[in-house]
1. List, please: which pairs have Cβ atoms under 6 Å, are six or more places apart or on different chains, and start with a residue in the stretch 401-416 that is of a type in the set (F, W, Y) and end with one that is open to solvent by less than 10 Å² (accessible area, probe 1.4 Å)?
2. Quick check on the stretch 179-198. Is at least one of its residues over 23 Å from the mean Cα position of the chain (by Cα) and either buried (at least 17 other Cβ atoms within 10 Å of the Cβ) or outside any helix (DSSP H, G or I) (or both)?
3. Is the stretch 302-309 home to any residue that is buried (at least 21 other Cβ atoms within 10 Å of the Cβ) and assigned to a strand (DSSP E or B)?
4. Does any residue in the stretch 301-315 that is within 22 Å of D279 (Cβ to Cβ) come within less than 6 Å, Cβ to Cβ, of a residue that is assigned to a loop (DSSP other than H, G, I, E, B) and of a type in the set (S, T, Y) six or more places away or on a different chain, and which pairs are these?
5. Can you tell me which residue in the stretch 97-156 is most open to solvent (accessible area, probe 1.4 Å), limited to those that are polar (S, T, N, Q) and part of a loop (DSSP other than H, G, I, E, B)?
6. I'd like to check something: does the stretch 347-364 contain any residue that is of a type outside the set (A, V, I, L, M, F, W, C), more than 30 Å from E245 (Cβ to Cβ), open to solvent by 20 Å² or more (accessible area, probe 1.4 Å) and in contact with a Phe, Trp or Tyr (Cβ under 9 Å, 6 or more places away or on another chain)?
7. Can you confirm whether F299 is of a type in the set (F, W, Y), within 20 Å of M397 (Cβ to Cβ) and part of a loop (DSSP other than H, G, I, E, B)?
Amino acid sequence: MAVPAGRLSRFGRMGSMAAGVAGRMAFDGVRQLGQGARPNTRDLLLTPANMRRVADELARMRGAAMKVGQLVSMDTGDVLPPELAEIMARLRADADFMPPRQLRDVLDAEWGGGWRALFAAFDVRPIAAASIGQVHRARLPDGTELAIKVQYPGIARSIDSDVANIGRLIRLSGLLPEGFALEPYLDEARAQLREEADYGAEAAHLEHFVGLLGDHESFVLPRVHAPLSTGRVLAMTFVASDPIESVEGAAQETRDRVMRDLCTLVLRELFEFRVMQTDPNFANYRFDQTSGRIVLLDFGATRTVPSGLTDQMRALIRAGMRDARDEVSDIVAEMELVPLTVAPEFRTPILDMIMLVFDELRAHPVLDLAASDLSRRLQHMGENLARDGFVPPPVPMDLLYVQRKVAGMFLLARRLRARVPVADLIASYAERA
């Protein structure tokens, strides 16, 4: 199905989706009333039928709309009921493809009408599709295999209107706690999507990481093919690989090594490089079965890490591993993670959650993510806070992206059932000047 490229057509799709969901809610509500039940708005909204409708429509629209779905599926996988999580998981790496005619129009605009002569082969069937663009495999006359990332038409122009429409839907849903400040997150979503829509900037980020990692024994990165790269097309060398989830069936030693290498990379990004690829979507990591190396993809969401945040994270790790609760309290207040404006009845259990993580790391130097119940305990404590009326204050965006990357590593490690020496890894970086 063609990507809706105009603002009016995209707004119409959003309106149609909202009307369909509302109609379904009304129908189910009347049916429950007829059965003598008192319908709950949240339960009516979060039905498998409604989530399927939302997931399907967001996958057709791509762009900002789909990005929100990706974030929901990544960050709330433990909160959604299993059937809903399975539906939303479609948005992690699976979008509807552009039809060949629309693809041709985009490439004609970027490369000119005679672009087919540049290739010995070009597969119009994409090998991957996500929120901003889709990827095609191609071969140059000299035999060089390329991965060609093509941006969906109209995506860059629709960012502001798409984010505004998504914000309206979120507010109308009634699912946000009263007083929650949504606007800072919408502003950041706009900024991030503008950056991701600039393929020239992504090419520069990829080349920067190639310079940082070079021919690393643990990682493989594609190289930019500059002659075919534009603002809306990113050409790269093709790297044969399998989904990172394929490591789930490997030996324990391999699963442990892969996660140790990925966690070490996150720490190097934070404390050494001070630049981080902040999107931990599983599709951005693949595995080369032949070499045993991890393939790193998609550097559109790359951000500089402020030196002040690096220093604060180092201080937090040192204090937490010493079980210095008062010092941790001061640091997270300075970071605005738990500001002093948070009421004491909420501040105490939040600090309990933070200290619980450090307690786990001290008790289990090698953290077995498959066996640990840390996630379940943190989730339970978070649910209690929500029931008590806690409304989280806005988190500084630089910190939010670091949190997101760390959370993504946690989810992947649990998926791979990996054992990671987290305590030793963080200690080596926390002690460095």
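The values are calculated or read from the model by the stated rules, or taken from the named source; none is laboratory data. Given the structure is predicted, the values throughout are model-derived calculations rather than measurements. Please note: Cβ atoms are built from the backbone with ideal geometry, for glycine as well, and neighbour counts cover all protein chains shown. We work out accessible area using only protein heavy atoms, side chains counted, and drop any ligands, DNA or RNA first. Shrake-Rupley method; radii C 1.70, N 1.55, O 1.52, S 1.80 Å.
1. Going by the 6 Å Cβ cut-off, the qualifying pairs are Y401/T278.
2. The first filter runs over the stretch 179-198 and keeps only residues over 23 Å from the mean Cα position of the chain (by Cα), leaving 179.
Next, from what is left, pick out any that are either buried (at least 17 other Cβ atoms within 10 Å of the Cβ) or outside any helix (DSSP H, G or I) (or both): 179.
The answer is yes; a qualifying residue exists.
3. Yes - at least one qualifying residue is present in the stretch 302-309.
4. These pairs meet every condition: A301/T278; R303/T278.
5. Restricting to residues being polar (S, T, N, Q) and part of a loop (DSSP other than H, G, I, E, B), the top hit is T144.
6. yes
7. So F299 fits the description; yes.
Residue by residue, here is whether (1) under 15 Å from V106 (Cβ atoms); (2) at pLDDT 90 or above; (3) of a type in the set (V, I, T) holds:
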position: I132; (1), (2), (3): yes, no, yes
position: R137; (1), (2), (3): no, yes, no
position: L140; (1), (2), (3): no, yes, no
position: S161; (1), (2), (3): no, no, no
